[in-house]
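The values are calculated or read from the model by the stated rules, or taken from the named source; none is laboratory data. This one's a predicted model, so the numbers in the text were calculated from it and none came from an experiment. Glycine also receives a Cβ, built like all others from the backbone with ideal geometry; neighbour counts cover every protein chain displayed. SASA here: full protein model, heavy atoms, side chains in, ligands and nucleic acids out. Shrake-Rupley method; radii C 1.70, N 1.55, O 1.52, S 1.80 Å.
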Amino acid sequence: MMTGLFISELERTFKRKKTAAVLAVYAGLLAFIWFFFQRGGISFFDADHDVKIDSLNSAPLLLRDLSFAITFIVIPMFVADSFNGEYTSGALRMVLIRPHHRVKLFFVKWAVQCLLVFIILCITWSVGTCLGRMVMPHVNETTFLGGQTLGTVGALLYSLKFYGICFCIFIAVISIGSILSVLMPNSILSYVATIGALIGSVYVSDKLSFFFSVTDSVFHELSRPNSEFLVNLLFPILLISLIINLFVWKKKEWVG
């Protein structure tokens with residue numbers, strides 16, 4: 001039953017014109033950024049720290065230039081289309097008239113959104129890593145923010161950890177966006193509300209600035225030897241957002 005729901009959600013997701021359009025725009029943006037990435041040879045860990053791009057640090061730095069688009073364009077559009085667009089168009093009613101448990105359906109939709117972002121990150125990492133090795137200046141070691149000098153294996157592990165933490169943040173963005181998409185009356189307002197929540201989080205607390213500047217925050221967290229960012233802040237936010245999602249999802253009158 002769960003597998004059938006998951007496959008059905010995947011099919012509906014990839015049949016949507018918005019999904020194809022957003023993925024095409026991201027692919028074009030990836031190519032565009034890489035072109036100037038390669039020609040410029042300089043990137044930034046944050047606004048105050050620039051760095052020369054080399055064969056070992058290209059993957060994290062490439063994501064830095066693309067993370068804004070993922071956070072404020074790709075995820076909000078995907079989530080609004082999945083959680084709100086299907087409801088307002090009536091497509092979700094056709095799914096819910098069948099004997100599917102609401103909790104299962106929510107987790108299937110949420111998992112598909114996470115899978116989409118995971119695929120995007122895998123493609124970005126592959127492009128940054130492979131083309132970085134082929135095109136960017138070859139080095140045997142590179143230095144990241146905080147003075148961490150790493151060799152080939154260390155830089156690869158750093159890159160994977162960097163993408164992993166970014167993925168966890170993006171999952172939190174998906175979870176917050178899904179709450180707002182269920183509550184809003186249409187997908188446009190869902191999109192706007194998600195953007196507003198991400199920007200507004202900066203004014204709520206400096207600790208939530210990672211929602212606005214994802215990769216800059218991750219570079220800083222990885223520069224700290226004993227950072228407990230995931231355990232103390234991100235995972236609790238993710239857990240709370242999922243609990244709220246389940247409550248709202250159960251109480252929402254989807255059919256009728």
Might you let me know whether the range 173-183 holds any residue that is within 25 Å of H101 (Cβ to Cβ), free of Cβ contacts under 8 Å to residues at least 40 places away in the same chain, more than 16 Å from the chain's Cα centre (by Cα) and crowded, with 16+ Cβ neighbours inside 10 Å?
-> yes
Name the residues in the range 193-217 that are touching a residue at least 60 places away in the same chain (Cβ under 8 Å), under 13 Å from L180 (Cβ atoms) and aliphatic (A, V, I, L, M), would you?
-> I195, L198
Any chance the range 91-105 includes a residue that's in a helix (DSSP H, G or I), surrounded by 14 or more Cβ atoms within 10 Å (Cβ to Cβ) and at pLDDT 90 or above?
-> no
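What number of residues in the range 219-234 are out of contact with any Phe, Trp or Tyr (no Cβ under 6 Å at 6 or more places or on another chain) and touching a residue at least 40 places away in the same chain (Cβ under 8 Å)?
First pass over the range 219-234, keeping only residues out of contact with any Phe, Trp or Tyr (no Cβ under 6 Å at 6 or more places or on another chain): 220, 222-234.
With the extra rule that they be touching a residue at least 40 places away in the same chain (Cβ under 8 Å), the set shrinks to 220, 222-224, 229-230, 234.
Within the range 219-234, residues that are out of contact with any Phe, Trp or Tyr (no Cβ under 6 Å at 6 or more places or on another chain) and touching a residue at least 40 places away in the same chain (Cβ under 8 Å) number 7.
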Confirm whether V79 is buried (at least 20 other Cβ atoms within 10 Å of the Cβ), farther than 30 Å from R224 by Cβ and modelled with pLDDT of 90 or more.
-> yes
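Sort out which residues of the range 187-216 are of a type outside the set (V, I, T) and open to solvent by 60 Å² or more (accessible area, probe 1.4 Å), and write them in order of number.
The first filter runs over the range 187-216 and keeps only residues of a type outside the set (V, I, T), leaving 187, 189-191, 193, 196-198, 200-201, 203, 205-213, 216.
Hits for the range 187-216 are L189, Y191, Y203, D206, K207, F212.
For every residue, the table says whether it meets (1) closer than 17 Å to R64 by Cα; (2) in a helix (DSSP H, G or I); (3) among the aromatic types (F, W, Y); (4) over 26 Å from the mean Cα position of the chain (by Cα).
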{"position": "A111", "(1), (2), (3), (4)": "no, yes, no, no"}
{"position": "L121", "(1), (2), (3), (4)": "yes, yes, no, no"}
{"position": "T124", "(1), (2), (3), (4)": "yes, yes, no, no"}
{"position": "L131", "(1), (2), (3), (4)": "yes, yes, no, no"}
{"position": "H138", "(1), (2), (3), (4)": "no, no, no, yes"}
{"position": "V153", "(1), (2), (3), (4)": "no, yes, no, no"}
